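Encoded as structure tokens, the structure appears first; notes follow it.
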Amino acid sequence: MNILFAASEAAPFAKTGGLGDVIGSLPKELKRNGADVRVILPKYDEIPQVFKDKMETANLVTFRVNLGWRSQYCGIQTLEHEGVTFYFVDNEFYFRRSGHYGYGDDAERFAFYCRAVIDSLPHIGFKPDVIHCHDWQAGMIPVLLRAQYSPYYPFYEDIKTVITIHNLRYQGLFSKETMMDLFGLDAGYFNGDQLEMYDGGSFLKGGLLYSDRITAVSPTYAEEIRTPFFGEHMDSLLRYRSEATVGIVNGIDYDLFNPMTDSHLAVTYRDSLSKKRLNKTHLQQRLGLPVRDDVPVISLVTRLVQQKGIDLIRHVLPELLSLDAQWVIVGTGDHEYEQLFREAAARHPDKLAAYIAFDDGLARQVYAGSDLFLMPSLFEPCGIGQLIAMRYRTVPIVRETGGLKDTVQPYNEFTGEGTGFSFNSYNAHDMLHTVRRAVHFYLHDQDAWRNLMANIKKTDFSWKKSALQYKSLYQELIREAADASKERQRAWQEAERRRGEQEAQLRVAAAHAAQLREAAPAAASGRTSAGPKSAAVSETGEDDGGGAPGGKAWWKESVVYQIYPRSFKDSNGDGIGDIPGIISKLDYLKELGVDVIWLSPVYQSPNDDNGYDISDYRGIMDDFGTMADWEKLLAEVHSRDMKLIMDLVVNHSSDEHAWFLESRSSKENPYRDYYIWRPGRDGREPNNWTSIFSGPAWEYDEQTGEYYLHLFSRKQPDLNWENPRVREKIYDMMTWWLDKGIDGFRMDVINMISKTEGLPSAGGDRYAWGGDYFMNGPRVHEFLREMNEKVLSRYDIMTVGETPGVTPDDAARYANADGTELNMVFQFEHMELDSGWGGKWDPCAWKLKDLKATIGRWQTGLHGRAWNSLYLNNHDQPRMVSRFGNDREYRVESAKMLATFLHTLEGTPYIYQGEELGMTNVHFKGIEDCRDVETLNMYRERVTEGGGNHDEVMNAIRIKGRDNARTPMQWSPEENAGFTTGTPWLHVNPNYTEINAEAVLADTDSIFHYYRKLIALRKIHPVIVYGSYEIVAEEDERIYAYTRTLGNDRLFVMLNFTGETASFASPYPLLAGGGGELLIANYPVGEGSETSGLDAELQLRPFEARVYLLKAF
């Protein structure tokens, strides 16, 4: 079994009381019983340096922890001590302070700790069966697990929790507002039945409510806290959870507290009373008491506070000092009690020694040198002093409360049973009577005293018995988790069985419908059918004439919608789109009919490249919300039968990522080769590659005197995929997200992860394009196959790689039919048709024949070999209606035509947000209106530094700049297009009053509703998904026509790519009498007949699109 102790203290690293002793000793005993027990605690500044020096840093784990709007660094350092693994949560802001508690931000400090414990588990490679939480500082762990982790992430769903109450008085009380802010919990968690306490919230109450089991540190204390007197206003809750509560008495570390080996003692001993008397003499001498063996030494080692019963002692102190006994007091606490004992010691130096401080060595000498040990506590959850006293053969005097009652058996002089003396009522004279009785036995009944010693000798208050009780509790929880897992599996299997039955019924219905469709024309013409033949891909994954590599797949039949979160919908008025804003528009996407949402990066990022510079792969950017918001998004997407894929950016990270901060700190740092570092050559960069975002691809780092490679911004250093540790870290991160439940990845510039060995310079200028040496590199397929084997192949997901510079043959390797790498890739050939010799920023007119050639090459080149991704715009490309259509008088018609084109090719269509509205490019007035790093760098290089023509460069930006696609989504004609109530991060396109979602939803003939029809047709007609492509009238410079064929079905598509009416000679004129069904058109066709318009000579209006399904050919 795997057990993780979560506690704020553990001896010998950090200790303020008994909690530290428990956490320092119990795990060792559990380890001896076969459990893998580990401990996680804060890395306080006061941890002794000798332990800090031993903490492992070679395998330092770092990640970000989200606390509301905050995102904080967290490091996990490891140390093995006495056979137990200890993890230390490192954050200097929270824990590099004097002391452990008592700061004004303790809520935030231990909220961070609770979240860090949970978030650390996938990072440290340890999945506990049970997290055992201790006291309020760890109390919110069960709440967070139940509310924000287990329901959404399979990794966490079987983890059980236990919380131990060491002292119910300390509850972790803070304001509701503070806790809601820190934990991302809504107000519903802070009513009287939940975390609310004293008009605030309680960490401890959260643990008591949400943990699977509660333990108290003694059976009596477990009963006491269910009563109003001891219950600290939580008694009703503890009565409610009584069946889940058990009391297990604490033990002590018999190796640590051992009079036979204790180096602090004057004389070590076992059961020898004569040697114990020598320790008594040494104690009397050290503290200035008369050396007398004829009187008992009665001691207290305690905190001087009311809870410890000090007020009882004060009430009868003169009577106590009149006894024939000596007193030793060791401890600190309330000033009034400290003064009480100082003054008493000054008046009675022969009777009382008061050491108002704490000294562990002296405390052990007191345990060994005393005859009696007094603990008159008002309440005592367990108590450790009485246990240590008995270990050192000192007789305890206790009040019968909590663990004192459970561990000290009152002496019965008639039966000879008992291990000490006790009194029940919290009353000074009852205590005085019991002390007198104990002194009497010491002075006058040596037989009874020897009998007491013999009884104490038989006790065992080590952790052996208690550890077995804890182990039994853990086993019970693990069995419950296993049973729950089996029940989930049974329910899943039942759901799968029912789904299979439903699918079988649907297949039968579909086959019957197909028979009816084939029989109808045959009957009308007097022909007979030889029997039904499916025009769809068969159930075995094969096809009839079409050819679909790898057979049917959900991602082939899906339509994907890309969301650029910063520009989609702002929910809080800060001018930046966010995750709650996305959630608010999911019904809109469901109405559109899309199947998959591709979410551009929402990870933690400094935003140099709008999120494609990631500083924490497992954190959510504060601008976008919290991890809880993201989890809700995933759940809401799935509840609408849609899927969610995430952007994976692993060619490079941010220069603010913890890996890079370590990497650049020194050449010897273990993270150095996580990135690509090289010394300069002849006072220049290591090679002459230019960055894709302008300027050199190398940045000099003064601290270490070397350059690092960045193919994009200087704040986006390239990761070194040659390092297997880098790959493993990436695969672990991918697995972490997939285990959360996402449905796949879009992989950013994934074909750039392998660089040519030696990083050779490109030919030509001082700075030259080096793509031949970093695109489609020598090991890229090896890396992707490894990724697929270790991660992707284990999930039913969708993967698409962004792969600039690939050919169809390249793509067939990346997205091969064997499924050993990716499902599909984004290629860029058609995105380069309007680029001149100067590249992207040298725009030129594109030609339809070139578009036909490019699309045809990819349609035929991948058919039967791989799978196409279909797109005409995205977050990196200008708006398609402005680029390939007409965004003025024919905006609606050309947007529908382009949509028809996109959705009737073989492959998976990708819709970019706003495309379904017909959103257009924007006329930027000047460079100050732009935000894109690529654009700004280019302008600076060409105009500011290069002296180029401002107007020419701005014209290129208006045509090709990425900000065209990033202007905020236009939801309504209200101010700022309904995107935000604040100031948008990027200006809204001024045409939002005309072009917006509210308008298109109300217009049944809008672009939006046309998209809905196209998406619905894909679900009805398999030929649209799987049919083979064949060009028609290839040389026509105005009309783009093609067919798609699957079995007996043929799709005929005609698209006018011009703003003029164009004549077209149909190759299928004889079918106008009944052989063709018009599926969709963006103009009215004919006069009502579904077959109208398929004539020998067609006149296609400006940007007209028609799609026919031909039934015989």
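The values are calculated or read from the model by the stated rules, or taken from the named source; none is laboratory data. Please read all numbers here as calculations on a predicted model, not as lab measurements. Backbone-built Cβ (ideal geometry, glycine too); neighbour counts: all protein chains shown.
Restricting region 721-741 to residues that are surrounded by fewer than 21 Cβ atoms within 10 Å (Cβ to Cβ) and assigned to a loop (DSSP other than H, G, I, E, B), the residue that is nearest to the chain's Cα centre (by Cα) is G741.
For region 1018-1035, a residue qualifies if it is outside any strand (DSSP E or B) and crowded, with 20+ Cβ neighbours inside 10 Å, and the qualifying residues are R1018, H1021, P1022, V1023, I1024, V1025, Y1026, G1027. Between K54, K43, the distinction of being surrounded by fewer than 18 Cβ atoms within 10 Å (Cβ to Cβ) and not assigned by TED's automatic domain parsing to the domain that holds L387 belongs to K54 only. Applying the set (1) surrounded by fewer than 20 Cβ atoms within 10 Å (Cβ to Cβ); (2) touching a strand residue (DSSP E or B) at 6+ places or on another chain (Cβ under 9 Å); (3) free of Cβ contacts under 8 Å to residues at least 40 places away in the same chain; (4) closer than 30 Å to P686 by Cβ to S761 leaves exactly one unmet item: (3). Residues considered: E656, E662. Of these, the only one that is within 28 Å of D701 (Cβ to Cβ), acidic (D, E) and part of a loop (DSSP other than H, G, I, E, B) is E656. Answer with yes or no whether L168 is under 25 Å from D21 (Cβ atoms), modelled with pLDDT under 95, of a type outside the set (D, E) and buried (at least 21 other Cβ atoms within 10 Å of the Cβ). It is true that L168 is under 25 Å from D21 (Cβ atoms), modelled with pLDDT under 95, of a type outside the set (D, E) and buried (at least 21 other Cβ atoms within 10 Å of the Cβ).
Being assigned to a helix (DSSP H, G or I), at pLDDT 95 or above, surrounded by fewer than 16 Cβ atoms within 10 Å (Cβ to Cβ) and of a type in the set (G, A, S) is not true of A368. Of all residues in region 390-416, those satisfying the criterion of being touching a strand residue (DSSP E or B) at 6+ places or on another chain (Cβ under 6 Å) and free of Cβ contacts under 8 Å to residues at least 24 places away in the same chain are V408, P410. Among the residues of region 172-188, those that are more than 23 Å from the chain's Cα centre (by Cα) and buried (at least 17 other Cβ atoms within 10 Å of the Cβ) comprise G172, L173, F174, K176.
Taking the criterion of being part of a loop (DSSP other than H, G, I, E, B) and surrounded by 17 or more Cβ atoms within 10 Å (Cβ to Cβ), would at least one residue in region 942-952 satisfy it? Checked against the condition, which is being part of a loop (DSSP other than H, G, I, E, B) and surrounded by 17 or more Cβ atoms within 10 Å (Cβ to Cβ), region 942-952 yields no hits at all.
Might you let me know whether region 459-476 holds any residue that is surrounded by fewer than 13 Cβ atoms within 10 Å (Cβ to Cβ), of a type outside the set (S, T, N, Q) and farther than 30 Å from S25 by Cα? Within region 459-476 (the criterion being surrounded by fewer than 13 Cβ atoms within 10 Å (Cβ to Cβ), of a type outside the set (S, T, N, Q) and farther than 30 Å from S25 by Cα), the answer is no, since none of the residues qualifies. Note on region 79-105: among residues that are under 16 Å from A658 (Cβ atoms) and in contact with a Phe, Trp or Tyr (Cβ under 7 Å, 6 or more places away or on another chain), the one that is surrounded by the most Cβ atoms within 10 Å (Cβ to Cβ) is V89.
Tell me, please, whether a residue that is among the small types (G, A, S), on the phi < 0 side of the Ramachandran plot and either surrounded by fewer than 16 Cβ atoms within 10 Å (Cβ to Cβ) or assigned to a helix (DSSP H, G or I) (or both) can be found in region 785-798. Yes, there is a match, as at least one residue in region 785-798 is among the small types (G, A, S), on the phi < 0 side of the Ramachandran plot and either surrounded by fewer than 16 Cβ atoms within 10 Å (Cβ to Cβ) or assigned to a helix (DSSP H, G or I) (or both).
Residues in region 262-284 that are within 19 Å of I456 (Cα to Cα) and among the hydroxyl-bearing types (S, T, Y) were compared, and the one that is farthest from the chain's Cα centre (by Cα) is S274.
A residue that is within 48 Å of the chain's Cα centre (by Cα) and aromatic (F, W, Y) can be found somewhere in region 341-362. When you look at A116, is it more than 30 Å from D359 (Cα to Cα) and modelled with pLDDT of 95 or more, yes or no? Criteria met by A116.
Whenever a residue of region 318-343 is at pLDDT 95 or above and loosely packed, with under 15 Cβ neighbours inside 10 Å, its partners that are assigned to a strand (DSSP E or B) and of a type in the set (A, V, I, L, M), lying with C-beta atoms within less than 7 angstrom and at least six residues away or across chains, give the pairs R342/A354.
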